[in-house]
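In what follows, a single structure is set out as structure tokens and then discussed.
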Amino acid sequence: MLLDRIDNFDIFRPKMDSSKEVLHAIATLETDISPSFPYVNAELGGWDYDQANQVLLLKLSNGKWITLHPHKIAIRGARDIEECHVLLGWIKRQINEIYDHRNHITPRYVSQAGLKIMEILKLLPMTNCKLCGYATCMAYAAALREGEISLNDCPPLGEEKFQEKREKLRAYLESYGWRALDDE
Ligand code: SF4
């Protein structure tokens, strides 16, 4: 087990906007968890991975984020104290399970932040039909990059004539570790 002990866990309300009904939390660790980062990035689809500075940013649903540093886990946007503890327990389990199985995981050093909206757009039907609920294919491409929606939310992409584009788009997204936020 890589991460056995949490040395300290501070939960606080963000100072910049105390009106927000969310909590932030920081766990400090004696153990250096950075050896797990390329594997966690591969398995959980990190939003941004700064390998030089060993910072891995994970975007969760409903505006929550977890940032991993070598000796720190920062949680942003939890709704209450209980959720802070749940999220810390979840990421601790993920780090340990993924690291234990690292020999079966291909490490990934790129992340979703590298996805380019224009590259996604090129692989969409580009009819601006609005069936996805967005006014334009560009708006859909931006939401897709953020992981807020899935490929199934563009009905025309399911049509036979767009199969090749759909497969290319899927491959492009997956090469950056993309996943929809509701896949958690
Ligand atoms: S449903 Fe697909 S083709 Fe239509 S606007 Fe949305 S992304 Fe474009």
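Just so you know, all these numbers are worked out from the coordinates, no wet-lab data involved. From a predicted model like this one, the values you see are computed outputs, not experimental measurements. Using ideal geometry, Cβ is built from the backbone for each residue, glycine included, and neighbour counts are taken over all protein chains shown.
The trypsin sites (Lys or Arg not before Pro) found in the stretch 1-57 that occupy coil by DSSP, while having at most 10 further C-beta atoms within 10 Å, are Arg5, Lys15. Averaging Cα coordinates gives a centre for the stretch 155-174 and one for the stretch 50-83; these two points are 31 Å apart.
Its relative contact order, with pairs defined as Cα atoms under 8 Å and 6+ residues apart, puts the chain at 21 percent.
Residue-normalised convex hull volume from the C-alpha trace of the chain: 132 Å³ per residue. For the chain, complete DSSP H runs whose alpha carbons reach 24 Å or more along their own long axis and whose mean Kyte-Doolittle score is -0.5 or higher are 81-100.
Once you order the gyration tensor axes a ≥ b ≥ c over the Cα atoms, which shape class does the stretch 115-183 get: rounded for a/c under 1.5, otherwise prolate or oblate by comparing a/b with b/c? Rounded shape, in that the Cα axes give a/c under 1.5.
Note that the stretch 118-133 has calculated 3J(HN,Hα) couplings of 5, 5, 5, 4, 4, 9, 9, x, 6, 9, 6, 6, 6, 5, 7, x Hz, one per residue in order, obtained from phi through the Karplus relation 6.51 cos²θ - 1.76 cosθ + 1.60 (θ = phi - 60°); glycine and proline are x. Per residue, the average separation of C-alpha pairs within less than 8 Å and at least 6 apart gives the stretch 8-104 a relative contact order of 29 percent. Computed from backbone phi with θ = phi - 60° and the Karplus coefficients 6.51, -1.76 and 1.60, the 3J(HN,Hα) list for the stretch 46-52 is x, 6, 8, 10, 9, 5, 4 Hz; x is used for glycine and proline.
Using only DSSP helix segments of four residues or longer, with each worth -39500 (n - 2.57), what per-residue ellipticity at 222 nm results for the chain after dividing by its residue count and rounding to 500? Don't skip to the end; give the middle numbers.
On the way: 5 runs with 56 residues, N = 184.
Value at 222 nm, helices only: -9500 deg cm²/dmol.
The dipole here belongs to the chain: it is taken about the Cα centre, uses +1 on the Cβ of Lys and Arg and -1 on the Cβ of Asp and Glu, and is about 500 debye.
Spatially close Lys pairs in the chain, defined by Cα atoms under 21 Å apart and a spacing of eight or more places or different chains, total 18.
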